[in-house]
1. Counting pairs of Cα atoms in the stretch 40-174, how many percent are more than 21 Å apart?
2. Please give the FRET efficiency for residue 153 paired with residue 80, using the beta carbon to beta carbon distance and R0 = 22 Å, rounded to the nearest 0.05.
3. Using the basic label-point model (7 angstrom from Cα toward the beta carbon), what is the residue 39 to residue 68 distance in nanometres?
4. Put a dot 7 Å past each Cα toward the Cβ at residue 165 and residue 90; how far apart are the dots in nm?
5. Checking a compactness column here: for the stretch 69-121, what do you get for Rg(Cα) / (2.2 N^0.38 Å), N being the number of residues?
6. Using the per-residue mean of other Cβ atoms lying within 10 Å as a proxy for protection, in what order, highest first, do the peptides 123-136, 65-78, 149-162, 90-103 fall?
7. Separation between the residue 59 and residue 134 pseudo-spin-labels, each 7 Å from Cα along Cα→Cβ, expressed in nm?
């Protein structure tokens, strides 16, 4: 295991040294490259979260809508279940906890699956275009994938917080 780790470090070091040498060689051959000047896009052309959602593929709109609905549903289930704590409604509380666990378990995988789908289809499209497009062409797809992951994490986080709070209330009421 130790030798394997050392060879991995040596391999990475060799790759970095080789890439630095290639970069220096490229600068020598082509001459010094002027630094690009970056400017912000005009406000009317800026990409927003709403634009990312509006321009998403129908499958991704469905995934994002499910994640948003799951987040809202987790809060609604939690709020409706708080009134049942301390009463003899164990079945209702168990059902509420089960629903919160479903949202908790499904949020991240669903968001990750959506992001993987978007990135995969984006990379397929990029590979079929010559010359290769710039990052500004790829950025909306990456933003769409990031939004799907963010919504998945949001749904899971909200469900976990609601579930833990409800479980704590149930334990305190039972004590």
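Only the coordinates and a few stated rules stand behind these numbers; no lab work does. Just so we're clear, the structure is a prediction, and the values are computed from it rather than from any experiment. Here the Cβ positions follow ideal geometry from the backbone for every residue, glycine too, while neighbour counts run over all protein chains shown.
1. Of all Cα-Cα distances in the stretch 40-174, 52 percent exceed 21 Å.
2. 0.35
3. Distance between the two pseudo-spin positions: 3.4 nm.
4. 2.6 nm
5. Numbers: Rg = 15.0 Å, N = 53, 2.2 N^0.38 = 9.9 Å.
Compared with the compact-globule rule of thumb, the stretch 69-121 sits at 1.51.
6. 149-162, 65-78, 90-103, 123-136
7. 3.0 nm
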